[in-house]
Every structure is written in C-alpha cells, then in structure tokens.
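The values are calculated or read from the model by the stated rules, or taken from the named source; none is laboratory data. Being a predicted model, the structure only gives us computed values, none of them experimental. Cβ placement follows ideal geometry from the backbone for every residue including glycine, while neighbour counts extend to all protein chains displayed. Only protein heavy atoms, including side chains, enter the accessible area calculation; ligands, DNA and RNA are left aside. Shrake-Rupley method; radii C 1.70, N 1.55, O 1.52, S 1.80 Å.
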Amino acid sequence: MPFTLLEIQEALQSSGDAQTALFTKADQVRAQKVGNAVHLRGLLEISSYCAQNCFYCGLRREHTLLARYRIPPEEIIHLAKEAIQQGFKTIVLQAGEDVWFSAEKVAHIISEIKKSKVAVTLSLGERPREDFQCWKAAGADRYLLRLETSSPDLYAQLHPGQSWHNRVRCLEDLKELGYEVGSGFIIGLPGQSLELLAQDLKWLVDFGVDMAGLGPFIPHPQTPLGTYPSGNLDLALKAIATTRLILPDINLPATTALDALSPNGRWQALQAGANVLMPNLTPMAYQQRYNIYPDHHEACSNLSFKAEHAFKERLTALGRFISTDLGGHKKA
Ligand code: SAH
C-alpha cells in the first residue's frame, strides 16, 4: 500500500501505545511477507584504508592515528571458506574505499568464494561502473551502498570532496547490472530532521531497494562530529519498523550500531520488522582496527560458535529460526 510522506513522518513520531502498535504491525508484516527465517550474513572487514573523509566515520583518511590494515586476498578466501563450513550462506566483504583492492583482486576473491553455493555481497564504496561489472561477471550477487542521506545539501556538508549524484549513479549502475541492491541511512545524523528522515525512507521506495540498512549515528571522538549526540534507539527502531511497512518484502537487517546503544538493540529490531543479522567474522586483531564508530561491548561482534547454541535458543523462543537458504530478496 502506498504511504505518503506525512504518514511516514507520523509513524516516526509515534510514541507510547502507537509506537508499540507500529512494532507489532511491522512484526506481523515481516512474518507474513518474509517468514520466520533469520538470514545470517558473515561479515569480513577486509580493509580499513579509506580515501574518503566522511565527517562521521572513524575510517576517514584524516584519522591518522588509526593503524590501518588490509587482509591479504588468500587470507580473505580462507576466512570465507571457514565461514561457509560453519554454515554461513552469504559472505559480505566490506572495506573503506581502498583502490589497492583492484577490480581484478576482488574478482579473484569473488570467484574463489563462489566455488561454494553461497551468495557474495560487496560493500566497497563508490567505484567505476566497470568495476561493478567485472565483479558481477565474477559472480557477486549483492552490493551495499548506503546513500547516508537523501538530501544532496546535507550530503555535501558531511562528505567533503564527494558527490551525492555520484553515489546515486553507483546505485543505479548496480541495479542495472543486476545486483540486489542494499542502501540506507544513518538515523540521527547531525542535521537530519524528522521530515528529512521521512524523505530518506520514501527514497528507499522510489529507488526500489532490495535491502535497507538503517542504523543509529554513533559519534566517534576522532571525527568532526565526535561531540554530537548519538542517534536515538527508539527512532532507529521506528525507522526499521516503518520501512517494513512501506517495503514489506525486502531484507531488513538488525544493524550492528543498534547494539552500541543497548545490549538488546538488535533483538528489539528483530521483533520490529528486521529479518537479517550480520555477525562480524573479521578476526579480532583486524576488527579492533576497523572502528567506524566506538565499539561499546563485545555483543555486536563475534557470534562465536560457543555462543551459537544460546543464540539459536533465543531465536527459537521468538518463534524464529536460522535460515538455511541464500536469503535473497524474494519479490512478492
Ligand atoms: N566504504 C563503504 C563502507 C562504509 S562503512 C561505503 O562507502 O559504503 C558502512 C557504513 O557505516 C556506512 O555506510 C555508514 O552508514 C555507517 N557509519 C559510518 N560511520 C558511522 C557512525 N559514526 N555511526 C553510525 N554509522 C556509521
């Protein structure tokens, strides 16, 4: 059913009983449209080098105190194969914008991983169309590139030297090339009004995303936005729930940043419309140096296999189960 901008904004403004009703409705729509399966995506953070200087991100190039790393391609392939053996059906390769990972190097990694029957998701930032094309030919299935804000003005303020239009161009290229496209926004980004957040969510519908990543803003002290307040947990949950209503059949992750605000953040999201989790499989020695935002506790990273049993029990208690298929976007 089509939603107006005003209705989206009203949902984002709801509180008390109306907020509870929004979460309940989103949970029902999730169950009806994408079922009770929870898809696990194994995340590998393959490089913390970044050419960009986004005002909110700890990987920004002017954060010169950060000790950077790149995981060597053969090690990435090895880590991916371990994850596949553990049962992961999707491997996500994420990094700062790092041209050391040339089209050819990434294509090699993709084709090695695709020797197993799994999906490969890339989240490597803005690249030329030819790179996206090369990676699609190598077998990549999905690409995550958040638009961060649907306002070209706010985008320009927070991303020096980058262009909102180029980011949209990348998203359009990815869609044309046949990727399942994930995009999304930071909730509570300084300068984002509720009206703008409603426009952000509307943009997801207008573009036709297959997946939407929506997580709260977490200030990183070594960035220009380090002294701004965190995004609000309830608002982030309401944004996820509203997105489930306006785009009923897409994949919606319970994003890691939610857990930086509350140990139960992701679980609340799973009960308010979300159907995807992205356990971080990056080895700890690297992961500690991939700090997009400060990590407040362990819970959001390794879903270690020691913890797996407890995790499955918790899911079962919610009437949910871990998916055994690739979990692509099944358009209703
Ligand atoms: N270089 C890749 C991956 C970026 S990191 C790209 O450009 O897509 C993944 C996401 O983390 C970003 O898209 C952004 O939405 C989010 N992020 C970065 N800094 C953040 C912060 N301080 N708080 C919350 N989310 C943040």
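Connecting C-alpha atoms closer than 10 Å in a GNM of the chain, tell me which of Gln13, Gln222, Gln271 has the biggest fluctuation. It is Gln13.
These residues, Arg314, Arg60, go from largest to smallest accessible area, 1.4 Å probe, as Arg314, Arg60.
Only protein heavy atoms count here; on that basis, with a 1.4 Å probe, Trp267 has an accessible area of about 30 Å². Taken per residue, the accessible surface of the chain reaches 42 Å², heavy atoms only and a 1.4 Å probe. Beta-bridge orientation, the chain: approximately 5 percent antiparallel, per DSSP, counting only bridges with both partners inside. Exposure check, 1.4 Å probe, all protein chains in place: Met284 carries approximately 70 Å² of accessible surface. For the chain, with all protein chains in place and a probe radius of 1.4 Å, 53% of the accessible heavy-atom surface sits on carbon or sulfur.
With equal scatterers on the alpha carbons only and no solvent term, can you work out the Debye log10 of I(q)/I(0) for the range 5-322 at 0.09 1/Å? Each listed q maps to, in turn, -0.42. Mean residue ellipticity at 222 nm, helices only, the chain: -12000 deg cm²/dmol; runs of at least 4 DSSP H residues each add -39,500 (n - 2.57), and the sum is divided by the number of residues. Here the spin labels are modelled as points 7 Å beyond Cα on the Cα-Cβ line, and at Lys117 and Asn166 they lie 4.1 nm apart. Residue pairs exceeding 27 angstrom between C-alpha atoms, taken from Lys105/Lys175; Lys33/Lys175; Lys136/Lys312; Lys81/Lys202; Lys81/Lys331: Lys136/Lys312; Lys81/Lys202; Lys81/Lys331. Ranked by solvent-accessible area (1.4 Å probe, protein heavy atoms only, all chains present), the residues Lys25, Lys330 order from largest to smallest as Lys330, Lys25. Select from Pro248, Pro279, Pro263 the residue whose mean-square fluctuation is largest in a Gaussian network model of the chain (Cα-Cα springs shorter than 10 Å). For the chain, modelled as a Gaussian network with Cα springs under 10 Å, the answer is Pro263.
Choose one answer from Ala83, Ala317, Ala67: the residue with the largest mean-square fluctuation in a GNM of the chain with alpha-carbon springs under 10 Å. Between Ala83, Ala317, Ala67, it is Ala317 that shows the largest mean-square fluctuation.
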